[in-house]
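Please read the structure below before turning to the comments.
The values are calculated or read from the model by the stated rules, or taken from the named source; none is laboratory data. Since the structure is predicted, the reported quantities are computational estimates derived from the model, not experimental observations. Cβ placement follows ideal geometry from the backbone for every residue including glycine, while neighbour counts extend to all protein chains displayed.
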Amino acid sequence: MSDEVRLIDVKEDIQADNVRVAQGLRDRMARSKTFLLNLMSSPGSGKTTTILRTIEELRGRYRFGVLEADIDSKVDAELIAARGIPAVQLRTGGFCHLDASMVVQGLDAMDLAALDVVIIENVGNLVCPAEFDTGAIRSVMILSVPEGDDKPLKYPLMFSVSDVLLINKIDYLGFSDFNVSVVRERALKLNPRIEIFEISSKTGQGVDAWADWLSRQVGTFLNG
Amino acid sequence: MHELQITESILNVVLRHAGQHDVSKVVRIHLRVGELSDLVDEWIQHYFNYLSRGTLAQEAELAIVRVPIVLRCPACDLSFQIGKDQLGAAVCPTCAGSKVELVSGRGYFIENMEVL
């Protein structure tokens, strides 16, 4: 039988389909003038609170919507909707990440013409979401102080694919051996282009600088 | 973890090519997986065995080659290879600069497959 074995060239990137859908989504968002932001982090790092703070800071300037991914609950979407912010809950049904098709599905349930910015709250996890292009214009990750300053060593891909690192919960710094300059150094080694902001989404400290950065990005996108 | 989705994508691509080439059985699939992927080879095979039952690719062996992590120092225009555990402390071997960028070491690529 072995002499019958043939070799077939495949030469295919198995994520090519997702990349195509993601690129199509970016084109669609450019036409509808909606800035898509992908927010990734571990569970409990403060994604929802950071989203609420950020929107509070920029609400006068831009119209926001939120796409919530959660394994199987509506808790976060309800919190956001309670503030009068349009929110769609995507139930990922056990999936560990969002891919571009899931994002498309969520956006189809939103009125994009009435929104300038949609923030995707990705599934809480520093591994899987880093591997899948969501179709977002920019990707942002949060590392919170209680998680420890060794995370760039453990999850290098996440730091490599993010445009921004938000170091959250800096109000905990006094109670922790978390070293901000070590994290900055490690993150910049993995990704020299990463923008780093130190914030506390609870107290609001530092949120203005991050919100200014985002506002400039959105402004350039909308006027471009 | 996302083993299931990645493995399903592999199977879909393999079956599509098998359908185009009048294949009776897929014996071996040669894959290139980035060193940065957290998926373990053994588990990709386990998921593949599960998903491929009843298809032309049932019992196919996944021959996985890891693609090394290659960084590039833009200042020296030098590319160099490093291990995953050295990534956080990587510096350019020539100028010792730490502003380096990732060239390869990500993703999943099907090179070719052996078929009957």
### Query
Just one of the numbered conditions (1) more than 24 Å from A:Asp17 (Cα to Cα); (2) under 19 Å from the mean Cα position of the chain (by Cα); (3) in a helix (DSSP H, G or I) is not true of B:Phe48; which one?
(1)
### Query
Is it the case that A:Glu57 is more than 17 Å from the chain's Cα centre (by Cα), surrounded by fewer than 17 Cβ atoms within 10 Å (Cβ to Cβ) and part of a helix (DSSP H, G or I)?
no
### Task
Please indicate, with yes or no, whether at least one residue in the range A:200-221 is modelled with pLDDT under 95 and surrounded by 17 or more Cβ atoms within 10 Å (Cβ to Cβ).
no
### Query
Among (1) surrounded by fewer than 16 Cβ atoms within 10 Å (Cβ to Cβ); (2) of a type in the set (Gly, Ala, Ser); (3) within 14 Å of another protein chain (Cβ to nearest Cβ); (4) within 15 Å of the chain's Cα centre (by Cα), which single condition is A:Gly44 missing?
(3)
### Query
Could you say whether any residue in the range B:14-23 is more than 11 Å from the chain's Cα centre (by Cα) and assigned to a strand (DSSP E or B)?
no
### Query
Looking at (1) at pLDDT 95 or above; (2) crowded, with 22+ Cβ neighbours inside 10 Å; (3) closer than 19 Å to A:Gly46 by Cα, can you tell me which one A:Ser139 breaks?
(2)
### Query
Could you give every pair whose Cβ atoms fall below 6 Å, whose first residue belongs to the range A:101-116 and is at pLDDT 95 or above, and whose second residue is among the charged types (D, E, K, R), counting only separations of at least 6 or pairs across chains?
A:Leu115/A:Arg63; A:Asp116/A:Arg63
### Query
Only one of B:Arg72, B:Arg53 is exposed (fewer than 15 other Cβ atoms within 10 Å of the Cβ) and basic (Lys, Arg); which?
B:Arg53
### Query
Going through the range A:16-29 one residue at a time, which ones are modelled with pLDDT under 95 and either of a type in the set (Gly, Ala, Ser) or buried (at least 20 other Cβ atoms within 10 Å of the Cβ) (or both)?
A:Ala16, A:Asn18
### Message
Given the options A:Gln15, A:Gln89, A:Gln23, A:Gln105, name the one that is within 14 Å of chain B (Cβ to nearest Cβ) and at negative phi.
### Response
A:Gln15
### Query
Pick from the range A:32-41 the residues that are of a type in the set (S, T, N, Q) and under 14 Å from the mean Cα position of the chain (by Cα): which of them is farthest from A:Leu90 (Cα to Cα)?
A:Ser41
